[in-house]
Each structure stands twice: as structure tokens, then as C-alpha cells.
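Read the structure below first, then the notes.
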Amino acid sequence: MKYVIEKNGSVVSPISVWIPGLAKRCGLSGSVLAPKNLPYSLSNGGNLRAVRLERVPQTKFQTVAENPGSVIGDEWVITQTVTDKPAEQARQIQIMDIKAEATRRIEEITPLWKQVAGGERAIELIEIKLERPWSLEEKIEADYLKAKRDKISKIRVKSNELEMLSNAELLALNVSEDANWI
């Protein structure tokens with residue numbers, strides 16, 4: 001729990017958990033525990049009050065701000081408000097989410113280390129084909145690598161398409177929904 005010292009509706013101490021410094025400010029030096037009955041009247045005319053934060057839901061396209069607080073009933077209550085981030089900033093957040101989702105989907109098909117190894121093997125297969133026809137196993141391997149490459153390419157193309165949506169469409173997009181990647 002957090003506490004604050006308030007006097008005549010104004011905060012006179014920083015919001016804090018119960019620590020020796022706050023106990024000293026309350027004239028309760030050595031108290032390991034905060035008083036059970038709050039508000040607790042102090043000798044200087046102030047009151048020790050419990051702090052309650054009233055949170056509001058927030059989207060990734062909003063910024064939360066807290067007011068300084070005020071006395072409501074027996075508590076010091078701080079409320080939050082949200083404001084929308086600028087459209088270009090919200091757009092960049094969504095584009096970063098699209099890129100992250102594309103990366104996740106690509107690595108689900110083939111982890112990065114396998115992509116590198118597959119690229120190296122594809123070069124070897126091209127070099128082999130320049131010298132002689134592929135064996136059946138090499139043809140199957142080349143087809144497998146091409147199929148993986150095609151799946152990855154489709155995700156990259158779709159990622160680029162999604163990033164080009166209008167602001168309204170882009171900000172309404174659920175980037176993890178499979179239907180958006182078809």
C-alpha cells in the first residue's frame with residue numbers, strides 16, 4: 001500500500017510505501033507498520049492517507065496521464081486519463097507490430113538459422129546443376145527449399161501490403177489474426 005501526507009487538500013509529502021522516512025515525517029519514528037486506522041491525524045494538522053489509483057483501460061495507441069490526486073472520502077485518489085497518440089506515431093506502432101508478426105510467422109515456417117543453411121544449400125544445388133543434372137534426392141531437396149522460400153515470400157508481400165493500408169484500416173487491424181495474412 002502507498003501513503004501520502006496531505007494538509008488542507010494539498011500533498012505535503014511524496015507518495016511512498018511505508019518507510020522509516022515517512023514514519024519520521026508522521027512523528028512515528030521506529031514504527032515498522034503504518035497506522036491501521038486511516039486517515040491518521042498528524043500533530044502538524046496534516047493527515048496520513050492511503051493512496052488509491054483509479055486506472056483506466058489503455059490501448060497501445062494511447063498515452064496515460066495521472067492527475068496529482070485529491071481527497072475523496074478518507075483516501076487520496078489519483079485518477080488516470082488517456083489521450084490518443086498522434087496518427088503517425090500510432091501508425092508506426094502498428095507497422096512495427098506487423099513486422100514482428102511477419103517475423104514470427106516466417107520463423108514458424110523456418111527458423112533463421114535454417115533459412116541461412118537453406119540459402120547456402122540452394123547455392124550448392126545451383127553449382128551442382130551447372131556441372132551435372134540433379135539426382136532425384138537433389139531435385140526433391142531443391143523443391144522443398146523453393147516451397148519454403150515461396151511461403152516466406154508470401155508473408156513478406158502480405159506484410160508490405162498491410163503496411164500500406166490507410167490509417168483507419170491499419171489501426172483497426174488485428175495483426176495476429178490469420179485471415180489478415182492470406
All alpha-carbon distances of region 101-140, grouped into 10 Å bins from 0, give the whole-percent distribution 28, 37, 26, 9, 0
Roll a 1.4 Å probe over the protein chains and send me the accessible area per residue for region 47-182 in Å². 66 Å²
Just subtract the alpha-carbon distance of residue 121 and residue 66 from 0.36 nm times their residue separation and send over the number in nm, one decimal. 14.1 nm
Which whole DSSP H helices in the chain pass both tests: a Cα extent of 24 Å or more along the axis and a mean Kyte-Doolittle value no lower than 0.0? 112-131
Send over the Kirkwood Rh of region 108-182, from the inverse of the averaged 1/r over different Cα pairs, rounded to one decimal Å. 14.7 Å
Heavy atoms only, probe 1.4 Å: what % of the accessible area of the chain goes to carbon and sulfur, would you let me know? 57 percent
Using 7 Å Cα-to-Cβ label points, what is the residue 174/residue 31 separation (nm, one decimal)? 5.1 nm
Within 10 Å, count the other beta carbons around each residue, average over each peptide in 125-134, 162-171, and list them highest first. 162-171, 125-134
Estimated FRET transfer efficiency when R0 is 30 angstrom, pair residue 150-residue 100 (beta carbons, to 0.05): 0.85
Rounded to the nearest 0.05, FRET efficiency between residue 13 and residue 93 (Cβ-Cβ, R0 41 Å) equals 0.65
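The values are calculated or read from the model by the stated rules, or taken from the named source; none is laboratory data. Bear in mind that the values here come from a model prediction, so they are computed numbers and not experimental data. Cβ atoms come from the backbone with ideal geometry, glycine included; neighbour counts cover every protein chain shown. In case anyone asks, the SASA skips ligands and DNA or RNA and just uses the protein heavy atoms, side chains included. Shrake-Rupley method; radii C 1.70, N 1.55, O 1.52, S 1.80 Å.
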